[in-house]
Amino acid sequence: MPHTPTPSRRKTLQMLAGLPLLPLGAGASATGLLAACGGGSNGTAAFKSASFTGMAAPTLANPAAMATTTVGSALKATFDDGSTQSFALAYQPFFITGDMVSDGKGGKLLAGGYYDIRNQPIIDTAVAGSERQFFSDAPDGSSLLTVPNAKVDGVKGKPVFAVVQFEYTTWAQDGKTDMYGKLPSPIAVLTLDQDQATGKLSLVKYHNVDTSKVYGLWITCGASLSPWGTHLSSEEYEPDAFAIESNAMFKAYSQNLYGDAARANPYHYGHMPEVTVNPDGTASIKKHFCMGRISHELVQVMPDQRTALMGDDATNSAYFVFVADREKDLSSGTLYAARVGAGFSIDPASGGAAPLTWIRLGSATSAEIEQLANTLKPADIMSVQAKDPGDAGYTRIVANGKAEWIKIHPGMDKAAAFLETHRYAAYKGASMGFTKMEGTTVNARDKVAYSALQNCEKSMVAGDAANVPGNGISIPRQLKAGVVMALNLKGGQKDTDGKAIDSEWMPVDTKALLAGEDIAADALGNTANPDRIANPDNLKFSEKLRTLFIGEDSGQHVNNFLWAYNVDTRQLSRVMSIPAGGESTGLHAVDEINGWTYVMSNFQHAGDWGGIHGVVKDQLDPLIRANYRGKAGAAVGYLTGTPSQPRLG
């Protein structure tokens, strides 16, 4: 996914001395590499392809490997003369949350620290006498990017920026007080010094983005880099505005953000924020209220710089697409939801794909929807009943796993489409039947998008109370281990009203690409085959490497993994293992920054023990506590080459 134009030719393959990652400049020559490593090139070989040599899953034969980020994989480069070279990989963190890091002004900031609407630290008072600022154990979406004319004091090489968002904090420091969703999610800009001899990235400055003008952020999960170089964030869940009075989590969020449990407006959350980095390593942020109020996760903007396919991480979720009116501007456009045709399957061997048609939900600007959010109450938009009112004016839908009867008030279709998007899409006949739709990404060369379904259960299963018969999404039995779907992208499409859709990148069908496998618990505790993906979440595609990277959020693998899947060879390789009980997050594949290629990766909540961890918990818990601040810390970093690797001159 190049974020800047790739040069037509690089002077050399920049190799892995120090800690760069994948040494693959466009048009690179292998001459120096093969000379340095004893290869047999005639001096004119050029890079052709890359693959990953996978690693075994760690076991209790080496408990320390299960309690940290473990990398035993390698990158194998192939050149057009048939020669190859492999490079061992490693993991390099920028920091562990809870570290004190430089603010670039001579002071220090708490990495992953939380701030209220006045940008004052939010204090964890759970342990008397040990009060401290809250910090996150759940770093998530990341973007690596450059900015024209960037200049930051302390950078000796070239400035590169990483935007990192922090989804939540699992517990207060007493280890008993649940903090999920109760704190406003921070976003930070990291200024990184890129060593031009090695590609190594070193943290120089940490800047906390002021989110007060966008009402704070709630549960920021996956993220992506826009084609124009901005960070596209997410608010993973939209709080149910009709049940907000009984939502203790949201009231606690409002209290921590505003100092007032009743002040936060549910219609301000569940949107798509965009962060623009400035040349000095600071940033601004805005929310796009016109992209639908859904369970946003990993928005993927297509190469046309207008069409966005959005993950929807909910029960009874759907494929949503937003087509912007203008390139590089998501502040106005048209929102669509998909209807799934016959033949839907989660079996990669099933054959054909299920067709997708698109229902137009509405067109709007962000400003007008924000104004509606500021002025309307839920009951102004529609009436929602939990039981059949016996009134023909109501329509039965299924939302968030439950049947409801809704009636849209006159003149409120636009407000319903953009502020009650799940309910309105169901009302309009969209296929609201997926569960836990997570990351999305795009293979631009082949015009294929990929979408992760973390679990295939509940609303997807025929006969389940949340399943909607006839909506196209109905499988005979659950697959908790999940699948990755592939969606072909085409132009010339019309919506269900017969109106042309102004995009050349609309998904036209969906077919299973990779599937996990549920198993009876093995000797380690895994309930999904550890040699296949389980509960896919983060997805990112590298055009240069022809590789789909898959990060797991698995309650079925004792250790979650980061995988690499070559779409040409169909080889699936385990690249990294996450500390047991943790989740692989922050995935971002960057094809080229100043000649270097990077894969960003974070993790969350190491040692968050579930039922599958009974075999390993007692042995691993003290190790993870020692590694990660008593389980309060988590890593933000990237995959690199090991220091012993040669550098190509």
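The values are calculated or read from the model by the stated rules, or taken from the named source; none is laboratory data. These numbers were taken from a predicted model, which means no experiment stands behind them. Here the Cβ positions follow ideal geometry from the backbone for every residue, glycine too, while neighbour counts run over all protein chains shown. The protein model used for the area step is the full one, side chains on, heavy atoms only, and it has no ligands, DNA or RNA in it. Shrake-Rupley method; radii C 1.70, N 1.55, O 1.52, S 1.80 Å.
For residues that are among the hydrophobic types (A, V, I, L, M, F, W, C) and crowded, with 21+ Cβ neighbours inside 10 Å, scanning just region 123-143, find the one that is farthest from L201 (Cα to Cα).
Result: F134.
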Looking at Y115, is it open to solvent by 20 Å² or more (accessible area, probe 1.4 Å), within 21 Å of P273 (Cα to Cα), aromatic (F, W, Y) and free of Cβ contacts under 8 Å to residues at least 60 places away in the same chain? no
Which ones in region 468-523 are of a type in the set (S, T, N, Q) and farther than 19 Å from D304 by Cβ? N471, S474, Q478, T496, T510
Would you confirm whether any residue within region 54-64 is assigned to a strand (DSSP E or B) and at pLDDT 90 or above? no
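Within region 254-297, restricting attention to residues that are among the aliphatic types (A, V, I, L, M) and part of a helix (DSSP H, G or I), which residue is farthest from M437 (Cα to Cα)?
L257
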Would you check which residues across region 563-582 are open to solvent by 10 Å² or more (accessible area, probe 1.4 Å) and in contact with a Ser or Thr (Cβ under 9 Å, 6 or more places away or on another chain) and list them? Y565, N566, V567, D568, T569, Q571, R574
Can you pull out every residue in region 130-158 that is of a type in the set (D, E), under 30 Å from H605 (Cα atoms) and over 27 Å from the mean Cα position of the chain (by Cα)? E131
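Would you list the strands (runs of 3 or more DSSP E) that sit entirely within region 574-647 and hold 1 or more residues that are touching a His at 6+ places or on another chain (Cβ under 8 Å) and in contact (Cβ under 8 Å) with a residue 24 or more places away in the chain?
Filter on region 574-647 gives 583-593, 596-604.
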Is one or more of the residues making up region 96-111 farther than 22 Å from N627 by Cα, surrounded by 18 or more Cβ atoms within 10 Å (Cβ to Cβ) and touching a His at 6+ places or on another chain (Cβ under 8 Å)? yes
Restricting region 69-89 to residues that are open to solvent by 40 Å² or more (accessible area, probe 1.4 Å) and hydroxyl-bearing (S, T, Y), the one farthest from the chain's Cα centre (by Cα) turns out to be T84
Please work out which one of (1) within 23 Å of E274 (Cβ to Cβ); (2) open to solvent by 10 Å² or more (accessible area, probe 1.4 Å); (3) of a type in the set (S, T, N, Q) is the condition N400 fails and give its number. (1)
